[in-house]
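Peer 1: Structure incoming, see below.
Every read-out reported here was derived from the displayed coordinates using simple, explicitly stated rules and does not represent laboratory data. Please read these numbers as outputs of a predicted model, since none were measured by experiment. Because the Cβ atoms are built from the backbone with ideal geometry, glycine has one as well, and the counts that use them run over all protein chains shown.
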Amino acid sequence: MRNVEIDEIYVHPHYRTDGIGHKLVDQLLDEASAHGITRSMVYSASKEWETIVGFYEKHGFKMWFVEMYR
């Protein structure tokens, strides 16, 4: 099994409503698939985790790991 790991895709806040982040992820996943990648994973350390989870869920990702601190 071949994997691709996405570690933080960041779009400047002024451009976040333009769909640039979605286009970047779509292109990355299309390229990965074209090269035989069968599994994709995302890592993020954002404090806005609910927004991040929602963003990646639109691309078919599912949350499987949570780390919390105090």
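Peer 1: Could you pull out every one of the aspartates and glutamates with an alpha carbon less than 19 Å from that of Lys23, ignoring same-chain neighbours closer than 8 positions?
Peer 2: Output for Lys23: Glu5, Asp7, Glu8, Glu31, Glu57.
Peer 1: Please list, in chain and number order, the residues 5+ apart from Ile6 or on another chain whose amide H is under 5 Å from its amide H, with Hs placed from the backbone.
Peer 2: HN-HN under 5 Å from Ile6: Met41, Val42, Tyr43.
Peer 1: Put a dot 7 Å past each Cα toward the Cβ at Asp7 and Glu57; how far apart are the dots in nm?
Peer 2: Simple spin-label model gives 2.7 nm for this pair.
Peer 1: Taking every pair of Cα atoms in the chain, average 1/r, invert it to obtain the Kirkwood radius, and report Rg/Rh to two decimals.
Peer 2: Reported Rg/Rh (Cα atoms, Kirkwood Rh): 0.98.
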